[in-house]
Amino acid sequence: MEKKFSKKDRPEGKKYAGMPDWKAKQATFRVDKYADAHKEENANQFEGRNAVLEVIKSGRDVEKLMVQKGNVEGSIKQIVAMALEKGIVLQETSRQKMDEISQTKNHQGVIIVASAHEYVEVEDILALAKEKGEDPFILILDGLTDPHNLGAILRTAECSGVHGVIIPKRRSVGLTATVGKTSAGAVEYMPVARVTNITKTMEYLKKEGLWVGCSDMRGSDYFDSNMTGPLALVIGSEGDGASRLVKDKCDFTVAIPMYGKIESLNASVAAGLLMYEVVRQRNFKK
């Protein structure tokens, strides 16, 4: 028989006072679930000056370096200089926020978050397509911030034959533990490149013979657009879509028609529809 959840087992605090047993149990589950997810997400987090310095020296892929505001003296100054030299994203953070994020509670003013998986170069993605004897098919994600969306996109990308995914270094989610879990293992097989400038990367891909298309609500219906041949497909952020600068660099835009009252789809769902339209056109369109 399942043990009854009694009042004494309820979470402490006024928030749960007077709450029915089943609701208090549900609230406790949500708190525990969040704590577990936070712990997993920070499995690649390193704290303290020596630990951070060694991570940078190792050459490991890094998502970001957090430095306490106003604290750039001594060894931290050296850490910041090395990070800038290696192109690591720096984020000035308040002491209070760093105390909240810290797992050791002894961060010494620096916390670094390493990537859960290694990144590749854009040239590696093109080389993979050439090795397979296929026209390149690349996804460019412009400012995607939800790790669950990125994980879902990587999963569909791997299944649909995408050769690689490109993400920006800033204002974008990276290859975190949550992304890896959501991708159901696809992150192990899908090459991901992280670049400083998306528009310059698009220019490079055009020089390499790729057409660049962009998902946009004002574009042509995607099933009427030609998406055969060498292609890079841009998927914008969850809220605002692709930035104006990125859209201006695209050769064409495509839209997914909406027949209901909701005007847009989740980013990973939209990306999935477009990826499989490319599959259809490349393999089944007569």
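The values are calculated or read from the model by the stated rules, or taken from the named source; none is laboratory data. What you are looking at is a predicted structure, and each value in this text was computed from that prediction instead of being measured. Cβ placement follows ideal geometry from the backbone for every residue including glycine, while neighbour counts extend to all protein chains displayed.
Annotations
- For beta carbons closer than 6 Å, sequence separation of 6+ or different chains, a first residue in the stretch 219-247 that is closer than 20 Å to Gly209 by Cβ and a second that is surrounded by fewer than 18 Cβ atoms within 10 Å (Cβ to Cβ) and of a type in the set (Lys, Arg), the qualifying pairs are Thr228/Arg282.
- Residues of the stretch 148-176 that are hydrophobic (A, V, I, L, M, F, W, C) and either surrounded by fewer than 19 Cβ atoms within 10 Å (Cβ to Cβ) or not in a helix (DSSP H, G or I) (or both): Cys159, Val162, Val165, Ile166, Ile167, Val173, Leu175.
- The selection criterion, being more than 16 Å from the chain's Cα centre (by Cα), loosely packed, with under 13 Cβ neighbours inside 10 Å and in contact (Cβ under 8 Å) with a residue 24 or more places away in the chain, holds for Asn106.
- Some residue of the stretch 278-286 being within 19 Å of Gly209 (Cα to Cα), in contact with a Leu (Cβ under 8 Å, 6 or more places away or on another chain) and touching a residue at least 12 places away in the same chain (Cβ under 8 Å): yes
- Residue ID - surrounded by the most Cβ atoms within 10 Å (Cβ to Cβ), chosen from residues in the stretch 250-285 that are touching a strand residue (DSSP E or B) at 6+ places or on another chain (Cβ under 7 Å) and in a helix (DSSP H, G or I): Ala271
- Among residues of the stretch 210-221 being at pLDDT below 95 and surrounded by fewer than 21 Cβ atoms within 10 Å (Cβ to Cβ), the one that is nearest to Leu144 (Cα to Cα) is Asp216.
- Within the span defined as the stretch 201-211, one or more residues are within 30 Å of Gln45 (Cα to Cα), outside any strand (DSSP E or B) and more than 12 Å from the chain's Cα centre (by Cα).
- Scanning the stretch 193-209 turns up at least one residue that is modelled with pLDDT of 90 or more, closer than 26 Å to Tyr119 by Cα, buried (at least 18 other Cβ atoms within 10 Å of the Cβ) and charged (D, E, K, R).
- Criterion applied to Ile56, Ile101, Ile79 was being of a type outside the set (Asp, Glu) and under 23 Å from Val192 (Cβ atoms), and the one residue passing it is Ile56.
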